[in-house]
1. Output the residues belonging to segment 260-273 that are within 30 Å of Y87 (Cα to Cα) and open to solvent by 30 Å² or more (accessible area, probe 1.4 Å).
2. Considering only residues of segment 229-259 that are touching a Lys or Arg at 6+ places or on another chain (Cβ under 9 Å) and away from the ligand (no atom under 16 Å from the Cβ), which is farthest from G209 (Cα to Cα)?
3. Looking at segment 71-97, which of the residues that are in a loop (DSSP other than H, G, I, E, B) and surrounded by fewer than 16 Cβ atoms within 10 Å (Cβ to Cβ) is modelled with the lowest pLDDT?
4. If I ask for residues that are open to solvent by 10 Å² or more (accessible area, probe 1.4 Å) and either touching an Asp or Glu at 6+ places or on another chain (Cβ under 8 Å) or under 18 Å from R84 (Cα atoms) (or both), which ones from segment 30-48 would you list?
5. Being surrounded by fewer than 22 Cβ atoms within 10 Å (Cβ to Cβ) and either aromatic (F, W, Y) or farther than 22 Å from V73 by Cβ (or both) narrows it down to one of K100, K140, K108, so name that one.
6. Show the residue pairs meeting these rules: Cβ distance below 8 Å; 6+ apart or different chains; first residue within segment 155-181 and under 17 Å from A244 (Cβ atoms) and in contact (Cβ under 8 Å) with a residue 40 or more places away in the chain; second residue open to solvent by 20 Å² or more (accessible area, probe 1.4 Å) and polar (S, T, N, Q).
7. Any chance segment 208-215 includes a residue that's under 18 Å from L295 (Cα atoms), of a type outside the set (K, R) and surrounded by fewer than 17 Cβ atoms within 10 Å (Cβ to Cβ)?
8. Out of (1) surrounded by fewer than 18 Cβ atoms within 10 Å (Cβ to Cβ); (2) in contact with a Phe, Trp or Tyr (Cβ under 9 Å, 6 or more places away or on another chain); (3) closer than 18 Å to I203 by Cβ, what's the single condition that is false for S250?
Amino acid sequence: MANKLLITGSVAYDCIETPLAKADYILGGSASYAALAASFFAPTCMASIVGNDFKESDVARLKARGIDLSSLVIDSSRPTFFWRGKYHDNFNSRETLDIKLNVFEDYKPSLADGAKDANFVLLGNISPAVQRAALEAVAKPSFVILDTMDLWINIANAELKGIIPRADILILNDSEAKLLAGTRNIIGAGDVLLKLGAKSVIIKTGEYGAMLFHKDGFFVIPAFPVRALHDPTGAGDSFAGALAGSLAGSGDTSFKAIKNAMIAGAATASLTVESFSCYKLEETGIEEINRRIRLIKQYSQL
Ligand code: AMP
């Protein structure tokens, strides 16, 4: 039987300003980006919550990718999670201008029967309390990927550290890795994070690529060379989603399979950043993802 992937995290409306363009109330959130990315690789269910402003057209986008929405709760009393962000001139630094938890204020994940038997779980970026509850609702998770961000490292450190030992892969970006590990050096951070109990650690380095710390060795990949950078939002979530989807799709979780899944993550994330939301990724699909996977391999070998 095919493996089933459960993804939790935020579903959001984002207002984004980059040095090139602006977009208002577009579909975002860690679970949306991750599930859309994962859907190209494996059957994907999403456990999250949206509010009374959630558009039918956005439900249709998720359904068009075959994402199982039976664990997506609609709370008609409040609006969807809201995030407003602005990128600075170099695209690498961004500021959160506003964040409203709205429906997430008291969300406790509950899973539909069809999601409880998922064997692969991606705990996308959201509070560690929601991540833990989602994981506990899965009957027999066999492979768990845990993502997070600086906010939770700062305000929910103990809860986050409590679930790290459940993670087969802990995935985070370079500044978050250093913050969580309390180190100045990225390699030192990888070593410290393994000691916190994750079986392996992936540290993303944005436009430079990503590295893997695993008991069988170390691995590093470049990013796909993007020339048409439009909006970096969701790159990390798409990377994590495609990584999880690729592992669930093959059912192979060896060191080699994780390396291949990282390349799938980088290829998929490179499409996310070429448009607002996931429009470019949804339009181009698996053929372009596969072309970029081949190119990343080609660009990084002798
Ligand atoms: P990334 O660029 O990969 O960090 O992901 C950006 C997405 O994360 C946006 O679509 C936001 O809606 C969402 N987001 C921002 N802050 C949070 C948060 N504290 N918890 C969950 N999701 C968030």
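1. Answer for segment 260-273, where residues must be within 30 Å of Y87 (Cα to Cα) and open to solvent by 30 Å² or more (accessible area, probe 1.4 Å): there is none.
2. A248
3. Going through the qualifying residues, I end up with N92.
4. Selection gives P43 alone.
5. K140
6. Cβ pairs passing all conditions: D168/T253; N173/T205.
7. Checked against the condition, which is being under 18 Å from L295 (Cα atoms), of a type outside the set (K, R) and surrounded by fewer than 17 Cβ atoms within 10 Å (Cβ to Cβ), segment 208-215 yields at least one hit.
8. Single failed check for S250: (3).
The values are calculated or read from the model by the stated rules, or taken from the named source; none is laboratory data. Worth saying up front: this structure is predicted, and the values here are computed from it rather than measured. Heads up, the Cβs are rebuilt from the backbone with ideal geometry, glycines too, and the neighbour counts pull from every protein chain shown. Quick note on the areas: whole protein, heavy atoms, side chains included, nothing else; ligands and nucleic acids left out. Shrake-Rupley method; radii C 1.70, N 1.55, O 1.52, S 1.80 Å.
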